[in-house]
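Read through the structure below, which is laid out as structure tokens, and then see the notes.
The values are calculated or read from the model by the stated rules, or taken from the named source; none is laboratory data. This structure is a prediction, so every number in the text was calculated from the model and none was measured. Reconstructed Cβ throughout: ideal geometry from the backbone, glycine too, with neighbour counts over all protein chains shown. Heads up: the accessible areas ignore ligands, DNA and RNA and are worked out on the full protein's heavy atoms, side chains in. Shrake-Rupley method; radii C 1.70, N 1.55, O 1.52, S 1.80 Å.
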Amino acid sequence: MTARRLDGTAWAARLRAELEPRVERFTDLHGRPPGLAVVLAGSNPASEIYVRNKIATVAQHGCRGELFRLPGTASVDEALALVERLNQDDDFDGILVQSPLPEGMGEDAEQRVFDAVDPAKDVDGFHPVNVGRLVQKRPALVACTPLGCAELLDREGIPLRGKHAVVIGRSDIVGKPMALLLLHRDATVTICHSRTVDLPAVCRTADVLVAAIGRPGFVTADFVKPGATVIDVGINRLADEAEVQRLFPEGSAKRRQFAEKGSVLIGDVHPDVEAVAGALTPVPGGVGPLTIAMVLRNTVTAAELRARAPI
Ligand code: NDP
């Protein structure tokens with residue numbers, strides 16, 4: 001069996017295009033486009049790329065996207081003051097604080113800064129109010145990555161009702177909200193983590209398996225029930241030649257990419273899974289583009305909700 005490829009890039013393009021009439025309607029009604037403010041503290045190279053993509057995407061689809069930079073030496077109080085200013089600025093409907101914040105801000109900085117974002121503008125869906133609403137299955141701004149995965153499963157017509165879904169990873173930004181979205185689609189859900197006993201055996205019972213771990217190629221073929229749907233959330237950059245050789249056969253596209261660029265992207269799912277799974281998201285081109293599309297959707301949704309019930 002060779003798994004059907006779940007094309008996140010193509011679905012993301014469709015989802016983004018579907019939002020354009022909503023952006024136009026909002027702009028006509030309110031005399032301004034939906035606005036997203038992105039806060040970037042420091043200059044983490046990966047964060048620079050993510051932030052650029054998010055702003056370019058919202059701008060491409062008629063929204064306003066603006067970057068607010070803080071120096072890597074900024075204090076948590078400076079970050080909080082900026083968030084407060086953006087909370088008060090009516091031209092911004094969404095605020096996104098790029099993680100990770102610089103270490104110098106302190107251990108609890110992310111929680112403090114995320115908590116300071118007005119829940120009505122929380123396009124990342126990280127605020128406890130929005131997490132609580134998600135738990136209660138009430139309309140909410142939901143974390144973009146799991147929301148994109150759920151949208152993909154819906155659009156691809158992957159059955160979830162009564163099916164067993166296993167999520168590997170219990171982070172607040174991916175694993176937990178993913179499990180809730182699957183639960184709300186009537187799946188029977190198991191959440192696994194680093195203390196789960198006999199992880200491959202648990203995963204082999206999954207009809208739908210979501211891997212959100214952060215370990216390259218961790219989910220091997222023996223984790224996967226033949227025909228299962230596998231969603232690979234992980235994004236790992238591999239620059240170690242021996243690792244690349246261990247994971248990818250000679251003559252493969254990834255080996256060629258590595259020879260050209262000196263590194264390759266790989267998910268949490270091992271390439272061998274393709275021979276066992278029924279459907280699989282590629283990395284790159286799977287969950288990543290859907291996450292960005294959901295940033296746009298949450299910005300538009302936040303704008304519409306704020307306009308209906310001004311704060
Ligand atoms: P975290 O590091 O916050 O969470 C990782 C989870 O994996 C934890 O719950 C951890 O368990 C679990 N885990 C780690 N090792 C094992 C193991 N050996 N066996 C079982 N479980 C294990 O990561 P995130 O949730 O933030 O991200 C996960 C991955 O998704 C990363 O690769 C990240 O880059 C990617 N990502 C991709 C996005 C996209 O747009 N495609 C967006 C966001 C993230 P425990 O809790 O016990 O420590």
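So, ARG308, is that one touching a Leu at 6+ places or on another chain (Cβ under 7 Å), under 30 Å from GLN88 (Cα atoms) and either among the β-branched types (Val, Ile, Thr) or open to solvent by 20 Å² or more (accessible area, probe 1.4 Å) (or both) or not? Before the answer, list the steps.
Working: touching a Leu at 6+ places or on another chain (Cβ under 7 Å): no; under 30 Å from GLN88 (Cα atoms): yes; either among the β-branched types (Val, Ile, Thr) or open to solvent by 20 Å² or more (accessible area, probe 1.4 Å) (or both): yes.
In short, no.
Could you tell me whether any residue of the range 133-145 is basic (Lys, Arg) and more than 21 Å from ARG306 (Cα to Cα)? Step through it out loud before you land on a result.
Let us first name the residues in the range 133-145 that are basic (Lys, Arg), namely 133, 137-138.
Next cut, more than 21 Å from ARG306 (Cα to Cα) only: none.
No, there is no match, as no residue in the range 133-145 is basic (Lys, Arg) and more than 21 Å from ARG306 (Cα to Cα).
Examine the range 128-145 for a residue that is of a type in the set (D, E, K, R) and either touching a Pro at 6+ places or on another chain (Cβ under 6 Å) or farther than 23 Å from ALA179 by Cβ (or both), and state whether such a residue exists. Can you show your working first?
Of all residues in the range 128-145, those of a type in the set (D, E, K, R) come to 133, 137-138.
Keeping just the survivors that are either touching a Pro at 6+ places or on another chain (Cβ under 6 Å) or farther than 23 Å from ALA179 by Cβ (or both) gives none.
No, the range 128-145 contains no residue that is of a type in the set (D, E, K, R) and either touching a Pro at 6+ places or on another chain (Cβ under 6 Å) or farther than 23 Å from ALA179 by Cβ (or both).
Restricting attention to the range 182-202, and to residues there that are open to solvent by less than 10 Å² (accessible area, probe 1.4 Å) and outside any loop (DSSP other than H, G, I, E, B), which single residue is nearest to the ligand (Cβ to nearest atom)?
In the first step, residues of the range 182-202 are kept if they are open to solvent by less than 10 Å² (accessible area, probe 1.4 Å); the result is 182, 187, 192.
Now narrow it down to the ones that are outside any loop (DSSP other than H, G, I, E, B): 182, 192.
Details: LEU182: 15, CYS192: 6 Å.
Within the range 182-202, the match that is nearest to the ligand (Cβ to nearest atom) is CYS192.
Find the residue count for the range 154-173, including only residues that are within 19 Å of ASP207 (Cα to Cα), aliphatic (A, V, I, L, M) and within 15 Å of the ligand (Cβ to nearest atom).
Looking only at that region, the number is 3.
Looking at the range 261-294, which of its residues are without any contact (Cβ under 8 Å) to a residue 24 or more places away in the chain and not in a helix (DSSP H, G or I)?
Residues of the range 261-294 that are without any contact (Cβ under 8 Å) to a residue 24 or more places away in the chain, as a first pass: 261-262.
Answer for the range 261-294, where residues must be without any contact (Cβ under 8 Å) to a residue 24 or more places away in the chain and not in a helix (DSSP H, G or I): just GLY262.
Could you tell me which numbered condition THR301 fails, if it satisfies all but one of (1) away from the ligand (no atom under 16 Å from the Cβ); (2) assigned to a loop (DSSP other than H, G, I, E, B); (3) under 19 Å from the mean Cα position of the chain (by Cα)?
Unmet condition: (2).
What single numbered condition from (1) on the phi < 0 side of the Ramachandran plot; (2) away from the ligand (no atom under 16 Å from the Cβ) fails to hold for GLY251?
With respect to (1) on the phi < 0 side of the Ramachandran plot; (2) away from the ligand (no atom under 16 Å from the Cβ), GLY251 is out only on (1).
Do we have any residue at all in the range 203-217 that's acidic (Asp, Glu), more than 13 Å from the ligand (Cβ to nearest atom), open to solvent by 10 Å² or more (accessible area, probe 1.4 Å) and closer than 18 Å to PRO146 by Cβ? Spell out how you get there, then give the answer.
Filtering the range 203-217 for residues acidic (Asp, Glu) gives 207.
With the extra rule that they be more than 13 Å from the ligand (Cβ to nearest atom), the set shrinks to 207.
Subsequent filtering for residues that are open to solvent by 10 Å² or more (accessible area, probe 1.4 Å) retains 207.
Imposing the further condition that a residue be closer than 18 Å to PRO146 by Cβ reduces the set to 207.
Scanning the range 203-217 turns up at least one residue that is acidic (Asp, Glu), more than 13 Å from the ligand (Cβ to nearest atom), open to solvent by 10 Å² or more (accessible area, probe 1.4 Å) and closer than 18 Å to PRO146 by Cβ.
So the check is Cβ under 8 Å with 6+ separation or different chains; which pairs have a first residue in the range 133-153 that's open to solvent by 80 Å² or more (accessible area, probe 1.4 Å) and part of a helix (DSSP H, G or I) and a second one that's away from the ligand (no atom under 16 Å from the Cβ) and not polar (S, T, N, Q)?
Listed by first residue and then by second, the contacts come to ARG133/PRO139; ARG133/ALA140.
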